[in-house]
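Novice: Structure in structure tokens, see below.
Coordinate-derived values only; no laboratory data. Keep in mind that this is a model prediction, so the values were computed, not measured. Backbone-built Cβ (ideal geometry, glycine too); neighbour counts: all protein chains shown.
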Amino acid sequence: MQAPVELREVSFAYGSGELRRLVLREVDLRVAPGEIVILTGPSGSGKTTLLTLIGALRAMQLGSARVLGQELLGASEAARVRLRRRIGFIFQNHNLLGFLTARQNVAMALELDGALSERERLARAGAMLEAVGLAGHAEKRPAQLSGGQRQRVAIARALAGAPGLILADEPTAALDKQTGQEVVRLLRDLAKGNGVPILLVTHDPRILDLADRIVAMEDGRIVHAALEQAR
Ligand SMILES: Nc1ncnc2c1ncn2[C@@H]1O[C@H](COP(=O)(O)OP(=O)(O)O)[C@@H](O)[C@H]1O
Ligand SMILES: [Mg+2]
């Protein structure tokens, strides 16, 4: 089976001329089907840049990146947009829209799926919110929810469109220890249940043991890729 993420010698620089700064150096990375990989490393080591390249949010410069079967080097903007729709994104600050309810926020992720009616989208959003333990909170707006609840809405939204891959960038940064662990454990369990691989960026040591594998970055390089005990 083809790996959902397969990077070979990916390099990336910001700026040009004298201001050019290389921030990724020949990165090789593979995420296997259903695997949960945590990418860790100090601030500024290139984790977010790598994640945005894999998520087709940024154009590749050098190397090869196959994500869900799509080669990203030289890919058109249209191909990148199509790929982004097949990926569930979760960010540090949840990115929910404040004027929409939890249910509407989740349903929005399904709007690109032209096959579903508004009613079906809202029903499926309700089912996703139930899956993340927020059945009673579907009609609340983000401001009426706790940080952990908001992140669970973000998880429901990321999973709603049945993505082939989840990319998460520092999803626990705004949460206390226990809530952060609960949220990532929930994400892991839902993803495992559906066979969806996750690439999760964090420098939060408290969630490292939730990974199948931990990959560490330093100064734009992968410095060690330890295989965790299979669970
Ligand atoms: N948009 C940008 N323009 C220029 N430099 C950037 C930009 N984004 C990040 N950088 C720099 O690239 C390096 C890697 O950043 P980043 O990928 O955000 O690392 P991390 O997520 O590991 O903290 C850092 O030195 C950062 O300052
Ligand atoms: Mg970052």
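Novice: How long are the three semi-axes of the equivalent ellipsoid of region 135-231, in whole Å, if each is the root of 5 times an eigenvalue of the C-alpha gyration tensor, listed from largest down?
Specialist: Values: eigenvalues 129, 50, 29 Å².
Computed over region 135-231, the values are 25, 16, 12 Å.
Novice: Another question about this same structure. Which one, 163, 24, 64, projects farthest toward the positive side of the charge dipole computed for the chain from Cβ point charges (K/R +1, D/E -1)?
Specialist: 163
Novice: How would 224, 203 line up from fewest to most surrounding beta-carbon atoms within 10 angstrom?
Specialist: Details: 224 11, 203 14.
Going from sparsest to densest Cβ surroundings: 224, 203.
Novice: Need one number: nm distance between label points at residue 20 and residue 62, each 7 Å from Cα along Cα→Cβ, rounded to one decimal.
Specialist: About 0.8 nm, to one decimal.
Novice: If each Cα of the chain is one equal point scatterer, what is log10 of I(q)/I(0) from the Debye formula at q = 0.11, 0.15, 0.17 Å⁻¹?
Specialist: Evaluating at q = 0.11, 0.15, 0.17 Å⁻¹ gives log10 I(q)/I(0) of -0.55, -1.01, -1.25.
Novice: If you rank 186, 167 by fewest surrounding Cβ atoms within 10 Å, what's the result? Each step should come with its number before you reach the end.
Specialist: Details: 186 18, 167 27.
Lowest to highest Cβ neighbour count: 186, 167.
Novice: Where does the Debye-calculated log10 I(q)/I(0) of region 16-122 sit at q = 0.14, 0.18, 0.20 Å⁻¹, using only Cα point scatterers of equal weight, no solvent?
Specialist: Relative scattering, expressed as log10 I(q)/I(0), comes to -0.75, -1.09, -1.22.
Novice: Ok, one more. What does region 99-191 give for Rg and for Dmax, in Å, if only its C-alpha atoms count?
Specialist: Calculated on Cα positions, Rg and Dmax stand at 12.7, 40 Å.
Novice: Over region 145-231, what is the relative contact order in percent, taking alpha-carbon pairs closer than 8 angstrom and at least six residues apart? It would help to have the intermediate numbers written out before the result.
Specialist: On the way: 88 pairs, mean separation 21.9, N = 87.
Normalised by residue count, the contact order of region 145-231 is 25 percent.
Novice: Oh, and also: Suppose R0 equals 45 Å; then what is the FRET efficiency for residue 146 and residue 78 from their Cβ-Cβ distance, rounded to the nearest 0.05?
Specialist: Working: r = 39 Å, r/R0 = 0.87.
Efficiency computed from Cβ-Cβ geometry: 0.70.
Novice: Hey, how many Å between the Cα centroid of region 4-25 and the Cα centroid of region 127-169?
Specialist: 33
Novice: A further question follows. Please state the relative contact order of the chain as a whole percent: Cα pairs under 8 Å, 6+ residues apart? Please report the intermediate quantities before stating the final value.
Specialist: Working: 460 pairs, mean separation 64.4, N = 231.
Reported as a whole number, the value is 28 percent.
Novice: What is the dipole size for region 1-83, taken about its Cα centre, with +1 at each Lys and Arg Cβ and -1 at each Asp and Glu Cβ, in debye to the nearest 20? The partial results should precede the final answer.
Specialist: Working: 10 positive and 8 negative charges, 33 e Å.
So the dipole magnitude of region 1-83 works out to roughly 160 debye.
Novice: Report, in degrees rounded to the nearest 10, the 0 to 90 angle that the Cα long axis of helix 147-160 makes with the longest principal axis of the chain.
Specialist: That helix lies at roughly 80 degrees to the long axis.
Novice: Further, regarding this structure: Explain nothing, just compute: Karplus ³J(HN,Hα) = 6.51 cos²θ - 1.76 cosθ + 1.60, θ = phi - 60°, for every residue of region 201-215 in order, whole Hz, x for Gly and Pro.
Specialist: Computed from phi, the couplings for region 201-215 are 8, 7, 10, 8, x, 6, 10, 4, 6, 8, 8, 6, 8, 10, 10 Hz.
Novice: To continue, here is another question. Would you mind putting 39-45, 172-178 in packing order, based on average other-beta-carbon counts within 10 Å, highest first? Working shown, then result.
Specialist: Numbers: 39-45: 17.9, 172-178: 15.0.
The densest-packed peptide leads the list: 39-45, 172-178.
Novice: Sticking with this structure for a sec: Per residue and in Å³, how big is the convex hull formed by the alpha-carbon atoms of region 13-72? Write down the numbers at each step before the final one.
Specialist: Values: hull volume 5.7 nm³, N = 60.
Once divided by residue count, the hull of region 13-72 is 95 Å³.
Novice: Tell me the relative contact order for region 108-185 as a rounded percent, counting alpha carbon contacts under 8 Å between residues six or more apart.
Specialist: Numbers: 52 pairs, mean separation 23.9, N = 78.
About 31 percent, as a whole number.
Novice: State the extension gain, in nm to one decimal, for the chain segment bounded by residue 135 and residue 95, taking 0.36 nm per residue of separation less the distance between their alpha-carbons. Intermediate values should be presented prior to the final figure.
Specialist: Details: separation 40, 0.36 × 40 = 14.40 nm, distance 2.03 nm.
That pair, residue 135 and residue 95, stretches by 12.4 nm at full extension.
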